[in-house]
1. Of the conditions (1) assigned by TED's automatic domain parsing to the domain that holds Leu273; (2) surrounded by fewer than 23 Cβ atoms within 10 Å (Cβ to Cβ), Pro139 clears all except one; give me its number.
2. Among the residues of the stretch 241-251, are any closer than 27 Å to Gln304 by Cβ, exposed (fewer than 15 other Cβ atoms within 10 Å of the Cβ) and not polar (S, T, N, Q)?
3. What is the number of the single condition among (1) buried (at least 17 other Cβ atoms within 10 Å of the Cβ); (2) part of a loop (DSSP other than H, G, I, E, B); (3) within 21 Å of the chain's Cα centre (by Cα) that Tyr317 does not meet?
4. Of the conditions (1) farther than 29 Å from Ala154 by Cα; (2) free of Cβ contacts under 8 Å to residues at least 60 places away in the same chain; (3) not β-branched (Val, Ile, Thr), Tyr187 satisfies every one except a single condition; which number is it?
5. If I ask for residues that are over 13 Å from the mean Cα position of the chain (by Cα) and over 24 Å from Ala165 (Cα atoms), which ones from the stretch 245-264 would you list?
6. Search the stretch 57-101 for residues being part of a strand (DSSP E or B) and in contact with a Ser or Thr (Cβ under 9 Å, 6 or more places away or on another chain), and hand back the single one that is surrounded by the most Cβ atoms within 10 Å (Cβ to Cβ).
7. Here are Ala207, Ala236, Ala241, Ala199: which of them is touching a Ser or Thr at 6+ places or on another chain (Cβ under 9 Å), part of a loop (DSSP other than H, G, I, E, B) and not assigned by TED's automatic domain parsing to the domain that holds Ser126?
8. If Gly217 satisfies every condition in (1) free of Cβ contacts under 8 Å to residues at least 60 places away in the same chain; (2) touching a helix residue (DSSP H, G or I) at 6+ places or on another chain (Cβ under 6 Å); (3) within 24 Å of Thr262 (Cα to Cα) but one, which is the exception?
Amino acid sequence: MTPAQRIAVIGAGSWGTALALVAASRPASDQSPRVVTLWGHRPEHIAALVERRENQSYLPGFQFPDNLLPTADLSVALEGAQIVLLVAPSHVTRALLVAMRPHIAPTMVFVSATKGIETDTLMRMSEVALDVWHDRFEPRYVALSGPNFAYEVAKGDPTATVVAAFAPRWGEYVQNEMSAPNFRLYYNQDITGVEVAGATKNVIAIAAGVMVGLGFGHNTVVTLITRGLAEITRLAVTLGARVETMSGLAGVGDLFLTATGTLSRNRYVGVELGKGRQLQDILAGMTNVAEGVKTTKAIHALAQKHGVDMPMTRGMYQVLYEGRSVRDAMAEVMGRPLRREY
């Protein structure tokens, strides 16, 4: 496959902007700057990006290079792109993929950096893409996931992440084209495990935040995270994932970052719930999306469908959607009957 001279990033939030900055930092094959387009759905937001050359709403403090071009026009964003990064929230991904249909080509490689499960269908993002586009062509689909905060990636802190694909050549292509000195990509063939871990860790991160908000210390939080990894693994393996993926960057790495890092939106939601605030008030004050709130409903339904025991997910579902108190839900989780660890 030829080197990517043009990359489109679909989604101009904090993570999309960070990935666009990384992509724009890499030269094309002839050492000239590659063109990176950054698409957002709100024209007024894109106009501000064009004027200020910075995403002051979602990722302030990082100036856009000349080869990063914001646009609100999907056809302009996608024209001639060899790699298309999908970085929209999971609950709008299907509608966005439908809108993209007239402008995409089978030669494009699609990289999803969205971590979520579609609530109505319980499909992972790769399954949604196949569902929307399969009548035109089978998309060259890659999932990108790992312990990555947008701010730190944009700042250039050394970071590693995972790309998983159905075909090795697509994953390795993205690995070669998107890796940068401080953004190291590892290839993994387990796309199911990478997607399930990336979505489910957000649910556990909310629960970990709840424990912090309730005033508990590191012992409690790490216990919850570790047992949360066990239930993520049970679901992932049931859905066909490899257990090894859960011990890697997309599994334990992303889980511990999201559940302990102060930049985590999902952890923040949990902390505020633990302090007694109402969910609608918490979300109303947030600029970025906390994927775990909607994903909790989908993961809970998946667990029920496949008969997988996920007590933390069940507890968070009851808190978020059935009005149960966080203290009661977490007391039940931490007070489960004693058993063997494995």
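1. Condition (1) is where Pro139 drops out.
2. yes
3. Among (1) buried (at least 17 other Cβ atoms within 10 Å of the Cβ); (2) part of a loop (DSSP other than H, G, I, E, B); (3) within 21 Å of the chain's Cα centre (by Cα), Tyr317 violates only (2).
4. The single condition Tyr187 does not satisfy is (1).
5. Ala259, Thr260, Gly261, Thr262, Leu263
6. Looking at residues that are part of a strand (DSSP E or B) and in contact with a Ser or Thr (Cβ under 9 Å, 6 or more places away or on another chain), I get Leu85.
7. After ruling out the rest, the residue left standing is Ala241.
8. (2)
The values are calculated or read from the model by the stated rules, or taken from the named source; none is laboratory data. Note that the structure is a prediction, hence the values are computed from the model and not measured. Positions of Cβ are generated from backbone atoms using ideal geometry, with glycine treated the same way; all protein chains shown enter the neighbour counts.
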